Every structure is written in structure tokens, then in C-alpha cells.
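Have a look at the structure below, then the notes.
The values are calculated or read from the model by the stated rules, or taken from the named source; none is laboratory data. Note that the structure is a prediction, hence the values are computed from the model and not measured. Here the Cβ positions follow ideal geometry from the backbone for every residue, glycine too, while neighbour counts run over all protein chains shown. When the accessible area is computed, the model is the full protein with side chains, heavy atoms only, and any ligands, DNA or RNA have been set aside. Shrake-Rupley method; radii C 1.70, N 1.55, O 1.52, S 1.80 Å.
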Amino acid sequence: MCGIVGYVGGRPCRDLLIAGLEKLEYRGYDSAGLSLLDDGHIDSVRAVGNLANLRAAVADERDAGAVAVAQTEATIGLAHTRWATHGRVTEENAHPHSDEEGDVHIVLNGIVENHSELRRGRIADGHEFSSETDAEIVAHLIERHYDGDLTEAVRAAFADLRGHYAFVAMHVEHPGMLVGARQECPLVIGLGKGETFLASAIPAFLRETRTVMRIENGEIVTIDEDGATVTDADGEPHEREIEEVTWDEDAAERGGYPTFMMKEIHEQPDAVAETITDRLPELDEVDLSELTLTPEQSTRIRRVVIVACGTSYHAGLVGRYAIEAWGRIPVEMDIASEYRYRDPVVSPDDLVVGITQSGETADTLAAMRLARERGAHVLAITNVMGSQATRDADSVLFTRAGLEIGVAATKTFTSQVAAIYLLGLWMAQARGELDAARVTELIGELKSLPRKIGETIEGTEAQVRAVARSHYEGRFFLFLGRHIGLPVCLEGALKMKEISYIPSDAYAAGEMKHGPIALLDETTPVVCVATDSPVLEKTLSNMAEVRARGADVIAIATEGSEQVCDDADQTLFVPRTDWILQPILAVIPLQLLAYHTARLLGLNVDQPRNLAKTVTVE
Ligand code: G6P
């Protein structure tokens, strides 16, 4: 979840750019950099770590000779915060990147999927690259296409690229112009008086201007101090509406959403895309080369044990179905706070997976350490670089959800689920458990998840809000599901408890008749996860039993499964995908249900009572 800020205008912009980056820090990053054009040449400064390190590196340039950076006169520049995807966290891999001559500088968010092929082409033509990133190719392509017109060179480079990204370019021969392009990643223009900004999010320039223009997919934008010109891939001009942003500073940090939780629910398509895209480079390949566990070693794993707490535990429960179904490897689930006290039997053939978004949860860390001491290979799935979990594990698989501020985990949950899908598929492939056609089919489905998550949010929110209005004053919510639907119910009930404070329970639907059915009457809302699965018919029978007690059944179903409506009072449809992947979509209406219920009750969803984002003490 990188950040972009660009400026062209009449004011010295070095400090404006760094201030813009500070407003994008919430997205998470591991390095940062900026380039400034002044007096006929471009100078760059980059630094690993936080923006304090970048500021220190900028100050050092006074001695190191990067004149444009050291002096404050430059009135055009680019800046970036990087969250490593391709290539390690190093100064060389931090943005901006340039061509060999240093004439073109670029910053990029997202992923260029065909970078290897394009890079090979440039290397064959005798060019050299200075980083391991997928982004650097964009500077080289612009240089190759450049014939005096920067906008046309960007347009031609854009046509060569595949993936999801947004980038901004600066050329030494154009001291009054920046050119950007967008494909799936955000890019927005800020129009000031005699100055223009181009950034990945509005907060980057909100202190300077509230007048914005949004760029759409497939568009190229050229900015100068007088404004912006938007064109499409063929050079046809596009008219864009100018908007006035009315957010205050607080709302700006929330991206215009009323709460961080809602913002983070809406960031899920991006978070999942960031987590999966470059790990699925081809339709027949899962690339987890970042693990120290090799595919060959993974074939010797006899058992997977997942340890985690809270929402991360539910992500593990979802993953268990995928790992068992695809890789035919037994998976045991353990709540981390229980695991370490039961003197667990661990063998060197075990893979112990610790899932922790913060990487700092004491119980999960202790469980991982114990497993490691007893000889297992320990793999951490975490969202935070440099966290304790990354130091206590043999292998690390990062989710790339960006910083999550709301205490209730949403985008980190779906990113964890996506990461476990990758792990399950990678192990299944290494062990030869899936044929090539099935692998390709699953990779295609995984790649479509970000889009389908977006469709689920858009497609269900209004209906969920209506359901919340009908039930927010209720005294109890029950969540029922079977098989792959059960962990979704557990997560739905947890969300309802933690942010709405309404007692809620999740049950395996087949167990309901053994006790919980006594709780049901006509005042009880019962949320049934009835997405496609091999047990859908059984779930429908359970729903019929619930309705026979007069309870109000709210079903989550897969698009096209119209039969579910017969046993439900209301049905919320989520897009169709492979049934093993269905939970990552089915959970979204349940996140929204807890959210809207809590808001109707007037509760603070970002900071629920008695709860903290990270639980580090025992
Ligand atoms: C806290 C948070 C939960 C989270 C759990 C585990 O209780 O409130 O949202 O699921 O910790 O956190 P972790 O960082 O280990 O995933």
C-alpha cells in the first residue's frame, strides 16, 4: 500500500512533498524517497525506514552534493512511500526510480505483472537496471518511447504494461510538467492557485487545496501549474468534474468515510490484491519464494498446526479447509492461548503456522516459540514488517493490507485468508495433489477475488443496513453455518460482540438442535451462511427448522442459488466463486452487519470498550 505525491507550481516543494507523505503514512511503508528537478537536473534521495530517516537523508545531501534536494528552490518533484513487493527493503529498491541517464524519474504504486518480460527486452538491448523492483521498468520504457513529448511517451509506456498500478513521471526536459497514469490503483489531482498536486490519496494535499479531480482507469493525466489535462489511451481528451472536498482533517485521515472501520472495509479489494497479485505471476504458478521453506521441504510436512487468536484464528479456520481439500494434509487448529499450556506433541514434520496481523500478540508468539523449540518449522503470517513474529519464525508470509487502525480486524482478516489460500495452493502444487487445470482454475478465481470483494461491498451494503435497522435493538443474534460457512459465522458473531456489544453466538448448524434451538423465538435474528458448498442442502434444512420456530432468517447465499430464498426471510447474495473461496466474500456482509448495528446504537466502532488493537501483555 504505497503512497505517491507529486507537485508542480510556484513554491519550493521539497518540504511540501514530505508533508504529503506524512499524511499517507497510515497506509504502511518500509522505505521512502523523493526526486526534485531544479536548474536542468534531477536529484533523488531515498531511505529505508520511516520518514524521519528520509528527512535525515535529505539533510545529509547538503554535504553529498544533490543540489536540487539540498537547496529548497525546486518547484517540481515526486515523492513516494514504498511497501516492498518486488525486491527487498533496500535503498536501491525505494522509489523514485529512473532510467540509466537519470532523465526520467518515476514513482509507482501497485504491481506491473509483465515486468520480467519487459525487463528482459531492455536488458537484451543493452540497458542496465539498478533495482530489483517491477517499477523501474516504467522509467526505462518512458525513456525508450520519449521523443520530446512526455505525455506521449507515458501513453506508449502505459500501453506496454499489464497489472494494476498508478504511476507519475517527471522528465528533466520538462521542468513544469508531471505525467501520471492509472490502472486500478488510485490517483487524484489537487488543483491549487498556480500549483497542482498528483497523489494516491486526497489527504496528501488537503492542507494546500480542497479542489480535486479524480482519474479513472485507463487515463493519462498531464499536470502543470495551471491545471490538468486528462486523456485516454488513444489520446482522446476526457472531461473530468471538479469537486470541492468538504472533509475536515479528521475525516481526511479516514478517506472521507465516517470511521476507520468503514474505510478499512472498503480497502479490502486493494488489500487482497496487494497480498496475492505478485505471488501469482502466471496462471500455473504460485510464487512463495520469500519463504525459507522450500517446495521440496514442504512435501515432507505431515501435519499443519495453525495457532492464532481472535479474528486471526478464524482466518486459520477458513484456511484449514483449503489446505486439507487441495493439499490433502491434515490441519489442526489451536487457539494460541490454549496450545502452549497443553504440552503439545510436536514433530519435525510439522509446519506450525502462527497467524497474527500485528505480529505482537503474546499468546501467539509464545505458541510459535514453543513449537520452534520442539523442532517444527514455524511460519508466521503477519501484516507488520519487523514485528516480533517475523523474528520468532523460520519463514514469514506477509499480508499487505496496510496499517489497520480500527480495532476490529477487517481488511487484515481477508488478507490473512488470501495468504492462507496461497499457502494451501503452493503446498498442494508442490506435493502434486492438484492437476494443472485445477491449479489454473483456482489461480484465475483467486485473481478475481479483489473485484468480487468490491462487488460484494457495493452489492450488499444497502440491504445490510436495512437488516441492521430491523434488529439493532434485539437482545441476541445467532449465526449458523456448516462446513466452510462455520468459520464465517464465528467471525460474524465475534464482530457483532466486539463492536455492537450484542450477545451473539455462532454454531455449527447441525448442532443447533442439541441445545441452542431453545434460544429461538420470533424476536431472534438468525444469520445463516448458506453459500455454495457440498452441504448446502443440509444447511437449508437447518434454516427451515429455525424458521419453524418463528425466528427471522437472514441468509448469505451465492449468486444464482435462488433456492435459498425459500428458506429465508431475507437473502443477501454474494458473487459466485469456487466454493472453498466463498468465505472471503461471505464474511463481508457480516462485517457490515456488525458495523451498521453498532452505528445505529451510537457506538464507537473504531475503539470498542475494553478492547485494544494489539494484545501484547499476558
Ligand atoms: C485483538 C484484536 C483482534 C485480533 C486479535 C489477534 O484481540 O482486537 O481484532 O484478532 O487481537 O490479534 P493479532 O494481531 O494477533 O492478529
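Brief remarks follow.
- Total charge dipole magnitude, the stretch 1-152, about the Cα centre, Cβ charges on Lys, Arg, Asp, Glu only, Debye to nearest 20: 660 debye
- Cα shape, the stretch 84-174, gyration tensor, a/c 1.5 rule: rounded
- For the stretch 497-553, size of Cβ-based charge dipole, Lys and Arg +1, Asp and Glu -1, in debye: 100 debye
- Formal net charge of residues neighbouring Leu593 (Cβ-Cβ distance under 12 Å; K, R +1; D, E -1): +2
- The amide H of Ala555, built 1.01 Å from its N in the peptide plane, has Cys528, Asp569, Gln570, Thr571, Leu572 as neighbours under 5 Å, considering only residues 5 or more places off or on other chains.
- Rounded tilt (10° steps) of 150-160 against the dominant C-alpha axis of the chain: 40 degrees
- Among the protein heavy atoms of the stretch 121-230, carbon and sulfur supply 41% of the accessible surface, probe 1.4 Å, non-protein parts ignored.
- For the stretch 211-217, 3J(HN,Hα) per residue [Karplus equation, 6.51 cos²θ - 1.76 cosθ + 1.60, θ = phi - 60°, Hz, x = Gly/Pro]: 9, 10, 10, 9, 9, 9, 4
- Karplus-derived HN-Hα couplings along the stretch 107-123 (A = 6.51, B = -1.76, C = 1.60, θ = phi - 60°), whole Hz, x at Gly and Pro: 10, 9, 10, x, 9, 9, 6, 9, 5, 5, 4, 5, 5, 4, x, 5, 5
- For the peptides 476-483, 604-611, the ranking by packing is 476-483, 604-611, with the highest mean count of neighbouring Cβ atoms within 10 Å listed first.
- Rounded if a/c under 1.5, otherwise prolate or oblate - the stretch 1-130, Cα gyration tensor axes: oblate
- Karplus-derived HN-Hα couplings along the stretch 578-591 (A = 6.51, B = -1.76, C = 1.60, θ = phi - 60°), whole Hz, x at Gly and Pro: 4, 5, 5, 8, 4, x, 5, 8, 5, 6, 5, x, 6, 4
- Sites listed here are chymotrypsin sites (Phe, Trp or Tyr not before Pro) in the stretch 278-363 whose DSSP assignment is loop and whose Cβ has at most 16 other Cβ atoms within 10 Å: Tyr341.
- Probe 1.4 Å, all protein chains present, accessible-area order of Ser561, Ser347, largest first: Ser347, Ser561
- Neighbour net charge for Lys411 - beta-carbon separation under 11 angstrom, K R +1, D E -1: -3
- Accessible surface computed residue by residue for the chain, with neighbouring protein chains in place and a 1.4 Å probe, gives 37 Å² per residue.
- The residues Tyr165, Tyr501, sorted by heavy-atom accessible surface at 1.4 Å with ligands and nucleic acids left out, run Tyr501, Tyr165 from largest to smallest.
- Share of carbon and sulfur in the accessible area of the stretch 279-423 stands at 48%, probe radius 1.4 Å.
- Spatial separation of Cα centroids for the stretch 322-363 and the stretch 491-535, in angstrom: 26 Å
- Here the chain is treated with +1 on each Lys and Arg Cβ and -1 on each Asp and Glu Cβ, and its dipole about the Cα centre works out to around 2560 debye.
- Sparse-neighbourhood loop sites, trypsin sites (Lys or Arg not before Pro) in the stretch 140-242 - DSSP loop, at most 15 other Cβ within 10 angstrom: Arg162, Lys193, Arg207
- Sparse packing (at most 16 other Cβ atoms within 10 Å of the Cβ) combined with a DSSP loop state is found for the following chymotrypsin sites (Phe, Trp or Tyr not before Pro) in the stretch 177-281: Trp247.
- For Gly218, distant residues with modelled amide H under 5 Å away: Arg182, Gln183, Glu184
- Carbon and sulfur %, accessible surface of the stretch 455-591 computed with the full protein complex present, 1.4 Å: 48 percent
- Amide H to amide H distances under 5 Å link Asp38 with Asp43, where only residues 5 or more positions off or on other chains count and H is placed in the peptide plane.
- Shape of the stretch 577-618, Cα gyration tensor, a/c cut at 1.5: oblate
- Projected label distance in nm at Asp224 and Glu511, using a 7 Å step from Cα toward the beta-carbon: 6.9 nm
- Comparing Leu317, Thr390, His266 along the charge dipole axis of the chain, the residue lying farthest to the positive side is Leu317, per the Cβ-charge model.
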